[in-house]
Amino acid sequence: MLHLRVLSKPLATAATISLLLLGGCGGNASNENAPVAEGENSPETSLNNYTAAVWEIERQRQATYRVLAENVPDSEQAALAEVRCNQPDTIRGFSRTLRREIVDYCDRVAEIIEAQNLTVDEFNQIGDRLDEDPLLETQVMQQLTELRQQQQG
């Protein structure tokens, strides 16, 4: 199973988008057919692609979370917030329908990343760099703000 670290700290910091409650996704998608070989993206292009993927992932997460939240009893809401696609045990205990919805979400996340000409590994590497580089994090936050303004405008 792929490991995918979905950006959450910068999104919360910027308050431009809600927290990614279903972080750590990767689903069952494969990077074998990733559209871009390593090294083909410039650092600037990779960062732009990363930001675009984060934006689309968050939109997908919100839509999925609404569906899941409506179908998960209040007593299980805390467990829903702990779901991680790269940790299959976190979806145990939910109904088959909810597990399918979560797996589908995770697969869509991997597809979103690949559609932005990144592999899941590249996406994760950029996310790791954000934790270490406040300037890079600021650049991503600025790009996310611009995307939000374009959507509103």
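Data for the structure
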{"item": "Condition broken by Gln125, with the remaining ones in (1) closer than 28 Å to Ser46 by Cβ; (2) in contact (Cβ under 8 Å) with a residue 12 or more places away in the chain satisfied", "result": "(2)"}
{"item": "Pick from segment 66-94, criterion in contact (Cβ under 8 Å) with a residue 24 or more places away in the chain and open to solvent by 50 Å² or more (accessible area, probe 1.4 Å), ranking: farthest from Ala53 (Cα to Cα)", "result": "Asn71"}
{"item": "Residues (buried (at least 18 other Cβ atoms within 10 Å of the Cβ) and within 22 Å of Val67 (Cβ to Cβ)) located in segment 108-142", "result": "Arg108, Val109, Ala110, Ile112, Ile113"}
{"item": "Scope segment 95-107; condition open to solvent by less than 70 Å² (accessible area, probe 1.4 Å) and under 24 Å from Val54 (Cα atoms); matching residues", "result": "Leu98, Glu101, Ile102, Val103, Asp104, Tyr105, Cys106, Asp107"}
{"item": "Qualifying residue in segment 54-63 (condition: of a type in the set (Phe, Trp, Tyr), at pLDDT 85 or above, farther than 27 Å from Leu130 by Cβ and in contact with a helix residue (DSSP H, G or I) (Cβ under 9 Å, 6 or more places away or on another chain))", "result": "no"}
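The values are calculated or read from the model by the stated rules, or taken from the named source; none is laboratory data. As the structure is a computational prediction, the values presented were derived from the model and not from experiment. We place every Cβ from the backbone using ideal geometry, glycine too, and count neighbours over all the protein chains shown. Just so you know, the surface numbers come from the protein's heavy atoms only, side chains and all, with ligands and any DNA or RNA stripped out. Shrake-Rupley method; radii C 1.70, N 1.55, O 1.52, S 1.80 Å.
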